Amino acid sequence: MIANGRDASVPWWRSGVVYQIYPWSFQDTTGDGVGDIPGILSRLDHLVALGVDAVWLSPVYVSPMADFGYDVADYCDVDPRFGTLSDLDRLIEALHARGMKLILDFVPNHTSDRHPWFLESASSRTNPKADWYIWHDPAPDGGPPNNWRSMFGGIGWEWSAARGQWYYHAFLKEQPDLNWRNPAVVAAMHDVLRFWLKRGVDGFRVDVIWHLLKDPDFRDNPPNPDWTPDEPEVRHILQIMTCDQPGVIDLVKGFRKVIDEFPDKLMIGELYLTIERMCAYYGEDLDGAHLPFNFHLLMDPWKAETVGWLIEEYERRLPPGAWPNWVLGNHDNARVVSRLGAAQARVAAMFLLTARGTPTLFQGDEIGLSNGVIPPDRIRDPQEKNEPGLPDHNRDIARTPMQWDASPFAGFSTVEPWLPLVPGWESVNVAVEAADPASMLTLHRRLLKLRRAHEALSIGDVRVLVAAGDLLAFERRHGDERFVIVLNLGSDLIETSIPEASGGQIVLSSKGGRDGEIVGARLMLAGDDGVVISLA
Ligand code: GLC
């Protein structure tokens, strides 16, 4: 049954498109230069016009903001910077009224060091929450128990004088890791999930899901022979004792069980792993995460051969019945426009929105925001502050405010925002681009509309036709519908022949100007261009 371009027998998260909102930077309504939930409510028209199906909201929980909300001090309330719990209820309702879903960020690996659980746990060795975090006695020399490092630089252990012990933190020392081997922690966090599911949220993006368990024997991580000086210090060692541990999938399955107490919900898992390991998080019986995040477009070179291989490798490794997903940008990585260039970012958008798998689109990528330029005195990211100067390491560059129009502060705020706007914001913004048929925003809207209108593009099968040189071509097919997507990942003209596309009609091109063209035996593709060809 097809309603609103969607087959009701297909779960919404398979045919839909996820849009990531970074609440610090979407829309400020209070005049403090920081975004808030009423701001998101005031900008829902943008999401409707764009044509996305779900919002994943980065954390809005009560937090001291040592890691911009990924250090949670109360999992069941909203930080006053962003509004109130009833604002969040209103957001759930308003999204639902527009046929969209809300996915919250769930941050289970660690809490804030100001969370009441941690304050209690740190107070003595005998309190009721003494085993809720990862505590360990000092090494014989009084130092940290082993060589585990923090993802944000330095050792991963912090001394607690009150306990005379160290605690482990995979990220900041303000983010102590919970002890997921303790059933009381598991139960408390399951209740957090239920709290939000009962309020009507449609699912969770689970933060650093592959970090949850650590080696129970606290063995050292081995050195990484491939470390290079332009990489963060944590890469000195291989995280084989601290990440992707045996048993972690059982915790993921535990979340899934709770989520399945409610109908039609989604669990996305954040993990930076090989395709093979990533696919383990679906669970053999598809009883793990619905969508373990696929970050390979962020991690691997943007080369036709690589992307073609990724598609095929992914399809090979997916457990039967599992559904893929693709990501081009998020709040932790350099902007796609800055990684690939503005013209090639359009080709990448065409890939993201025609690939087989749920796309996640990061706010700002739809208008072609490039990396922010952050003066040294405005750096906010703790990762950068701890280890300054590494290439693309300052996450502030991807977290700059949304640019809505050409008014002062780009319509984001009435005051100077917490991070600077991207230079050129007077023309790179939603209002200007909405009126320009050749803009990045228009390209995104058209791609999303096309994807929604054709099941071959949303839920169809995929077959790679060519992946060589700068040329990537693949087919999407569902029932009688067939599309061929041909992308030029380089800047030189390509002349090729794609028999599977012959006789088809171009319905969209990345550079524009080719709509309606019938494809013959030869296909010419300008540098940095891509075409979607309909063969229905
Ligand atoms: C995830 C988040 C990142 C955060 C880290 C620690 O990778 O995306 O922003 O700093 O987890 O919670």
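If you check D515 against the conditions, is it over 10 Å from L535 (Cα atoms) and either open to solvent by 60 Å² or more (accessible area, probe 1.4 Å) or at pLDDT below 95 (or both)? Yes.
Selection of the range 220-263 for residues being open to solvent by 90 Å² or more (accessible area, probe 1.4 Å) and over 29 Å from K385 (Cα atoms) yields P246, D250, K257, E261, P263. R346 passes every criterion in (1) crowded, with 22+ Cβ neighbours inside 10 Å; (2) within 16 Å of the ligand (Cβ to nearest atom) apart from (2). Selection of the range 163-199 for residues being over 18 Å from P144 (Cα atoms), open to solvent by 20 Å² or more (accessible area, probe 1.4 Å) and part of a loop (DSSP other than H, G, I, E, B) yields R181, N182.
Being assigned by TED's automatic domain parsing to the domain that holds I259, within 16 Å of the ligand (Cβ to nearest atom), small (G, A, S) and not in a helix (DSSP H, G or I) is the requirement here; does A289 meet it? In short, yes.
Looking only at the range 146-162, decide whether some residue is open to solvent by 30 Å² or more (accessible area, probe 1.4 Å), more than 16 Å from the ligand (Cβ to nearest atom) and either assigned to a helix (DSSP H, G or I) or closer than 24 Å to G247 by Cα (or both). Within the range 146-162, one or more residues are open to solvent by 30 Å² or more (accessible area, probe 1.4 Å), more than 16 Å from the ligand (Cβ to nearest atom) and either assigned to a helix (DSSP H, G or I) or closer than 24 Å to G247 by Cα (or both). Just one of the listed residues (I92, I134, I103) is buried (at least 21 other Cβ atoms within 10 Å of the Cβ), closer than 30 Å to V201 by Cβ and in the same structural domain as R380 (by TED's automatic domain parsing), and it is I103.
E270 - would you say it is farther than 19 Å from C243 by Cβ and either modelled with pLDDT of 95 or more or open to solvent by 10 Å² or more (accessible area, probe 1.4 Å) (or both)? So E270 fails the test. When restricted to residues that are assigned to a loop (DSSP other than H, G, I, E, B) and within 15 Å of F483 (Cβ to Cβ), the range 525-536 contains 2. Scanning the range 410-425 for residues that are over 25 Å from the mean Cα position of the chain (by Cα) and either under 14 Å from G372 (Cβ atoms) or outside the structural domain of G364 (by TED's automatic domain parsing) (or both) gives E416, G424.
When residues in the range 65-108 are screened for being in contact (Cβ under 8 Å) with a residue 60 or more places away in the chain and over 17 Å from the mean Cα position of the chain (by Cα), 10 of them pass.
In the range 12-26, the residue that is surrounded by the most Cβ atoms within 10 Å (Cβ to Cβ) out of those that are touching a Ser or Thr at 6+ places or on another chain (Cβ under 8 Å) and farther than 17 Å from P59 by Cβ is W13.
Tell me which strands (runs of 3 or more DSSP E) are completely within the range 411-524 and hold 3 or more residues being touching a helix residue (DSSP H, G or I) at 6+ places or on another chain (Cβ under 6 Å), or say none if there are none.
The strands (runs of 3 or more DSSP E) meeting that bar are 461-468, 471-478, 481-488.
The values are calculated or read from the model by the stated rules, or taken from the named source; none is laboratory data. Nothing here was measured: the structure is a model prediction, and the numbers come from that model. Note that each Cβ is placed from the backbone with ideal geometry, even for glycine, and that neighbours are counted across all protein chains shown. Just the protein is used for accessible areas: all its heavy atoms, side chains included, with ligands, DNA and RNA removed. Shrake-Rupley method; radii C 1.70, N 1.55, O 1.52, S 1.80 Å.
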